[in-house]
Amino acid sequence: MAQHSRPPIVTILGHVDHGKTTLLDYIRKSSVAAKEHGGITQHIGAYQVEHDGKLITFIDTPGHAAFEKMRSRGAKVADIAVLVIAADDGVMPQTTEAIKHIKEAKIPLIVAVTKIDLPGVDLKVQLERIKKQLSDQEILIEEYGGDTPFIPVSAKTGEGIDKLLEMIEVVAELNEIKGDPNFPATGVVIESSLDKFRGAVATILVRTGTLKKGEQILVGGVKGKIRGMFDYSGKLVESAGPSTPVEVLGMEAVPAVGAVLGEEISKQARLDGHPELGSGSQSLVDKLRQGDVKILKIIIKADKQGSLEAIEDALEKFNQEIAVVDIVSGGMGDISESDIKLAFSVRAIVVGFNVKVAPAAEKLAEVEQVLVRVYNVIYELIEEIEDVVEGMLKVGQLEEVLGRAEIIAEFPFGKAEKIAGCRMLEGAIAKGHKLRVMRDSQILAEVKIKSLKKVKEEVNRVEKGSDCGIIFDPKVDFHIGDFVESFRVI
Ligand code: GDP
C-alpha cells in the first residue's frame, strides 16, 4: 500500500512569556510560504511554512488550555511539540505542565531554549541548568543519553531558528508522519465562531484525506455542506489535503473546538474491510479474564495513520474516569517479532488493524503466550476492547468485606479527636485495611486506621468477639450505633 508523507503538524507549548508567540511570529514572517502570499496577515489559528522545499504546519493557538481542550475531546491534533523554555528563566510551572501534556499525548518533543540573545544571561551556565532541570523531569537530551533535540534560539536575532525547522523535518521523517490524500478527510476543529455575516465558521486542520468544496460533512455532530474554504492567508481554495488548515463556511451550527471530522471513519473502514477475517476461537475477554488485569496495555499496528488515529481516539474514551487502557505503542505496518517482544516485556496485547502477522511473530507469540488479534473492521475491534474494559471495571468494583464492628462507645482523644470503642461482630479489622464508617446503609466516610488498640495495647489486628478502640484517619464525626466495615477491592 502506498504511504504518503504529509507535513508535520507542530504545536508550541511552554511557560507564559517564554516566547511562544514571538517564535511563531518570527517563523511566519521569515517563511517563504507566507512571503508568497504577500505578507497578508494570517486569518486563522494555524499556518504553513516552507523550509527547504518542505511544508510544516504550525498551530498558532499557543496555550495549554487549547491543547488540553482538543485532547479532552479525543482529538489528536499535533504530531510534534516544541517545548519553549526561556534561557533566563529555565523550567517553570507551566513548562512542567506542558511536559505532562506532551507525555500524555505521546508525541515527540523538541526543546527550544529561547531568548539566548538576552544580555546579562550566562548562556553556558543557563543551558546546563536547563538540561539538568529537564533530566529531572525525565526529558533526556542527547548529551544525557536521550534522544530529545535541544536547540537554543532567539526570536529577536533569528539565531537557531533554521536549525529548529530542520530538526522538525528530521523528527517528522523519523516518525513517518503519513496521511493519504485519496480519502474523505479526517481532521480536528481548532477554532470556531459564529460570524454575523458568514454564519458558523470553523477552522479545520485536515489530518488525512482531502476536504473538498461542496462536500457534505459531519463534525462533532454538526452537519454542514462546505460553501467555501479559505487557506491561512485568506485565499479561497477548492480543496485541502493532509496537514492543511482551512476555514470552512457552511456548517449548520458552530462545532466545538476539538470536534473531530471523519468520526465516520469506522463505517468507511467497515466497507473497506474484510469481516471474514479477525475472528478468533477464544474471545479476548475470556483470555484476559484469566489474568489479573487492571490496566489493559495495548500495542496497535495499523495499515495507515488514519486508522491508527481512529483506533487511538476511540480507545481514549475508556480513560474518561480512570485510566484502564494504556496504548503502549502505535505504529504502522505488519505485526513483527519486535512487537511481540515488547508485548511480552510489558504484558500487553497486540491488536492489528488491516495488517498481517509476520510468520516469525506468530511463532514467537505462541511461545511467549502473547495475545495477538487482527481485525479488519474498527468497530469490531472497539467492541471487543469495550467488552474487556467492562469486564475489568466490573472486577475492579467487586469488594470483599473483611470485617464488621459496631461503635458502642466514644472516648475523647487529644484536643479534637475521639476514639471509637468498637465491638467486632464479624471477621477481622487490621491495620492496612480500608475502612468505612456506616450509618444505616449510608457511607459516612472512607478512612484508614491511625491507631488500633485492644484494651491499652496497640495491636495490628482484632477479630470477631473482641472489643477495640480505633482512631480514624481522617477524623470522622461518628455516633454510637454507627458501624465500621473493613474491605478490599478485588
Ligand atoms: P508567550 O507568552 O510565551 O507567547 O511569550 P511572548 O512571545 O509574548 O514573549 C514574551 C516576551 O519575551 C515579549 O516581550 C517578547 O518580546 C520577549 N521575547 C520573546 N522571545 C524573545 C527572544 O528570543 N529574545 C528576546 N530578547 N526577547 C524575546
In region 102-116, the residues that are surrounded by fewer than 17 Cβ atoms within 10 Å (Cβ to Cβ) and either free of Cβ contacts under 8 Å to residues at least 12 places away in the same chain or within 15 Å of the ligand (Cβ to nearest atom) (or both): K103
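Of everything in region 242-257, what is in a loop (DSSP other than H, G, I, E, B) and either surrounded by fewer than 20 Cβ atoms within 10 Å (Cβ to Cβ) or without any contact (Cβ under 8 Å) to a residue 24 or more places away in the chain (or both)? Give them in sequence order. Before the answer, list the steps.
If we filter region 242-257 for residues that are in a loop (DSSP other than H, G, I, E, B), which is where we start, we get 242-244, 252-257.
Correct list: E252, A253, V254, A256.
Look through V325, V355, V389 and report the one residue that is within 27 Å of N175 (Cβ to Cβ) and at pLDDT below 90.
On the way: V355 fails: at pLDDT below 90; V389 fails: within 27 Å of N175 (Cβ to Cβ).
None of the others qualify; the one that does is V325.
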I'd like the residue in region 26-56 that is modelled with pLDDT of 90 or more and either within 26 Å of V91 (Cα to Cα) or touching a Gly at 6+ places or on another chain (Cβ under 8 Å) (or both) and, out of all such residues, is nearest to the ligand (Cβ to nearest atom). Y26
Here the residues within region 460-474 that are part of a loop (DSSP other than H, G, I, E, B) and either in contact with a Gly (Cβ under 9 Å, 6 or more places away or on another chain) or loosely packed, with under 14 Cβ neighbours inside 10 Å (or both) are N460, K464, G465, P474
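Hey, which of the strands (runs of 3 or more DSSP E) in region 314-377, taking only ones fully inside, have at least 1 residues that are under 11 Å from K297 (Cα atoms) and in contact (Cβ under 8 Å) with a residue 60 or more places away in the chain?
On the way: elements: 325-332, 349-353, 372-375.
Once the strands (runs of 3 or more DSSP E) in region 314-377 are filtered for at least 1 residues that are under 11 Å from K297 (Cα atoms) and in contact (Cβ under 8 Å) with a residue 60 or more places away in the chain, what remains is 325-332, 349-353.
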Count - residues of region 117-139 that are away from the ligand (no atom under 15 Å from the Cβ) and among the aliphatic types (A, V, I, L, M): 3
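The values are calculated or read from the model by the stated rules, or taken from the named source; none is laboratory data. Keep in mind it's a predicted model, so treat the numbers as computed, not measured. Methodologically, a virtual Cβ is constructed for each residue, glycine included, from the backbone with ideal geometry; neighbour enumeration extends over all protein chains shown.
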